[in-house]
Amino acid sequence: MTAAPDRTAGVLPLRPELVGLEPYGAPQLDVPVLLNVNENPYAPSEAVVADVAAAVAHATRTLNRYPDRDFLALREDLAAYLRAESGVVLDPAQLWAANGSNEVMLHLLQAFGGPGRTALSFAPTYSMYPEYARDTSTAWVAGRRAEDFSLDPDAARAAVAEHAPSVVLLASPNNPTGTALPAATVVAVLDAAAQVPGGCVVVVDEAYGEFRRAGTPSALELLPDHPHLAVSRTMSKAFGLAGARVGYLAAAPALVDALRVVRLPYHLSAVTQAVARAALAHAPELMAQVGSLRDERDALVLWLRARGFDVADSDANFVLFGRFDDRRAVWQGLLDRGVLVRVVGPDGWLRVSVGTPAETTRFKDALVEVTGR
């Protein structure tokens with residue numbers, strides 16, 4: 001009988017900065033109400049399912065061939081969607097897509113980060129940003145947001161001047177706080193970035209952009225005057241396509257061309273392209289769901305505040321609320337009652353995704369039981 005291999009023999013040459021680290025990810029638990037990862041709670045309609053299935057079947061007939069590596073048809077569809085959603089006219093050459101906005105962000109750090117370069121953001125913000133920097137050997141610096149999670153333009157300008165980053169990452173609406181940035185704040189950062197020797201790319205991450213409240217602008221409107229600006233979006237949230245893994249950005253053609261250099265060959269499969277295009281054809285139907293989720297979010301904010309909780313203003317499909325002396329105990333109490341939320345952000349706060357009305361009711365009832373409020 002052959003002995004089993006000794007898997008402890010030798011030492012893997014793991015990069016030192018990766019030793020002892022755990023992979024990113026929220027808890028995946030089987031409970032009735034999942035409100036922890038900002039998913040769209042509504043599954044695609046039967047009409048969307050049928051069209052996606054037909055599109056995938058059509059793509060399957062040519063899976064022996066590589067996909068269009070520049071996915072020109074998808075970029076045309078994305079440009080048409082953004083024109084309808086934000087009123088911004090873009091050429092397809094200004095669009096780029098990848099397997100989720102995570103890969104879009106990684107492409108940006110691969111192209112504009114790297115050894116000897118710095119990425120700057122302002123905490124609290126999306127916890128994956130420092131991981132993108134780490135994975136591309138880019139130095140990471142985090143400034144601070146104000147107590148209300150807003151970003152002071154003067155403080156942002158000063159941080160850019162001090163650290164001279166090659167990339168600035170601004171989430172708007174911010175994750176985990178839901179805070180959207182005024183256009184003037186983004187412009188202040190862009191003006192400061194324009195003074196950085198060697199150049200600086202400013203990325204506005206609008207993963208939750210479709211959920212912004214009326215009157216909240218999109219950074220897409222700033223693209224014509226700022227060639228070093230990139231605005232990232234995703235189809236995971238508003239479109240309810242988290243499982244399809246489609247993210248994209250809009251930027252000047254020269255910036256997009258830089259991302260084409262670092263992307264892996266044929267990184268966006270023919271099936272992924274087919275699913276995305278089929279979903280985009282149903283954008284009006286899917287945006288109607290976004291409106292109902294906005295209403296549900298706003299009502300939840302009012303309900304939480306009426307019971308004495310601190311609640312951050314939200315332009316996203318989630319709400320950050322607190323403050324708790326022991327947030328982990330509150331999280332566990334909710335979980336014991338079949339409701340999963342997220343322990344994330346500053347100490348004392350929890351984040352809950354906006355669910356269906358029935359799921360929101362379950363969350364409210366559980367929270368009252370746990371906190372007595």
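The values are calculated or read from the model by the stated rules, or taken from the named source; none is laboratory data. In this text the structure is predicted, and so the values were computed from the model without any measurement. Virtual Cβ from ideal backbone geometry, glycine too; neighbours counted across all protein chains shown. Calculation scope for accessible area: heavy atoms of the full protein, side chains included, ligands and nucleic acids excluded. Shrake-Rupley method; radii C 1.70, N 1.55, O 1.52, S 1.80 Å.
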_Base-10 log of normalised Debye intensity for region 82-143 (one unit scatterer per alpha-carbon) at q = 0.16, 0.23 Å⁻¹_ = -0.63, -0.92
*In the P(r) worked out for region 233-329, what percent of Cα pairs fall beyond 19 Å?*
61
*Square roots of 5 times each gyration tensor eigenvalue, C-alpha, region 1-113, largest first, Å*: 37, 23, 21
*asked:* Given the -39500 (n - 2.57) contribution per DSSP H run of 4+ residues, what per-residue ellipticity at 222 nm results for the chain, rounded to the nearest 500 deg cm²/dmol?
replied: -12000 deg cm²/dmol
*Give me the number: length gained by fully extending Asp310 to Ser269, i.e. 0.36 nm times residue separation minus the C-alpha to C-alpha distance, one decimal in nm.*
10.4 nm
*Please state the charge dipole magnitude for region 222-361, taken about the Cα centre, from unit charges on C-beta atoms (+1 on K and R, -1 on D and E), reported in debye and rounded to the nearest 20.*
380
*Can you pull the one-decimal nm distance between simple spin-label points at Gln332 and Ala184, each 7 Å off the Cα toward Cβ?*
4.7
*Can you give the translational diffusion coefficient of region 197-263 in µm²/s, computed by Stokes-Einstein from the Kirkwood radius over Cα pairs at 4 °C and 1.567 mPa s?*
98
*With each pseudo-label sitting 7 Å past Cα toward Cβ, what's the Asp154-Ala53 distance in nm, one decimal?*
6.1
*Working with all protein chains in place, sort Tyr129, Tyr66 by solvent-accessible area computed with a 1.4 Å probe, largest first.*
Tyr66, Tyr129
*So what are the three principal axis dimensions of region 29-95 from its Cα atoms, in whole Å, longest to shortest?*
43, 37, 23
*asked:* If you average 1/r across every pair of different Cα atoms in the chain and take the reciprocal, what Kirkwood value do you get, in Å?
replied: 21.9
*asked:* Suppose every Lys and Arg Cβ carries +1 and every Asp and Glu Cβ carries -1, with no other charges. What dipole size does the chain come out with about its Cα centre, to the nearest 20 debye?
replied: 480
*Along the Cα-to-Cβ line of Val261, 7 Å from the Cα, sits a label point; which residues in region 130-154 have backbone N less than 18 Å from it?*
136-138
*Tell me the GluC sites (Glu not before Pro) within region 127-224 that lie in a loop according to DSSP and have at most 16 other beta-carbon atoms within 10 Å.*
Glu147
_Tell me the accessible surface of Arg213 in square angstrom (1.4 angstrom probe, heavy atoms of protein chains only), to the nearest ten._
90
*Local charge sum around Arg362 (other residues, Cβ-Cβ under 12 Å, Lys/Arg +1, Asp/Glu -1)?*
-1
*Considering the chain as a Gaussian network with a 10 Å cut-off on Cα pairs, which listed residue, Asn36, Asn175, Asn64, attains the greatest mean-square fluctuation?*
Asn64
*Scan around Asp205 for amide H atoms under 5 Å from its own, H built in the peptide plane at 1.01 Å from N, and keep only partners 5 or more places away or cross-chain.*
Leu170, Ala171, Ser172, Ser232
*Please compute the net charge surrounding Ala80, taking Lys and Arg as +1 and Asp and Glu as -1 over other residues with Cβ under 15 Å from its Cβ.*
0
*10 Å binning of all Cα-Cα separations within region 291-373, expressed as whole percents from 0 upward*: 18, 59, 22, 1
*Each residue of region 125-133 in order: what ³J(HN,Hα) in whole Hz does its phi give by Karplus 6.51 cos²θ - 1.76 cosθ + 1.60, θ = phi - 60°, with x for Gly and Pro?*
8, 4, 6, 7, 4, x, 6, 4, 5
*Could you state, as a whole-number percent, how many of the C-alpha pairs of region 130-193 are farther apart than 17 Å?*
42
_Where only C-alpha atoms are counted, convex hull volume of region 78-209 per residue in Å³_ = 112
_Cβ-defined net charge surrounding Phe122, 15 Å radius [Lys, Arg +1; Asp, Glu -1]_ = -3
_Antiparallel %, DSSP beta bridges [both residues in the chain], to 5_ = 45
*asked:* For a protection proxy built on the mean count of beta-carbon atoms within 10 angstrom, sort 284-292, 319-327, 178-186 highest first, please.
replied: 178-186, 319-327, 284-292
*asked:* Principal axis extents for region 151-251, Cα atoms only, whole Å, descending order, please.
replied: 40, 25, 25
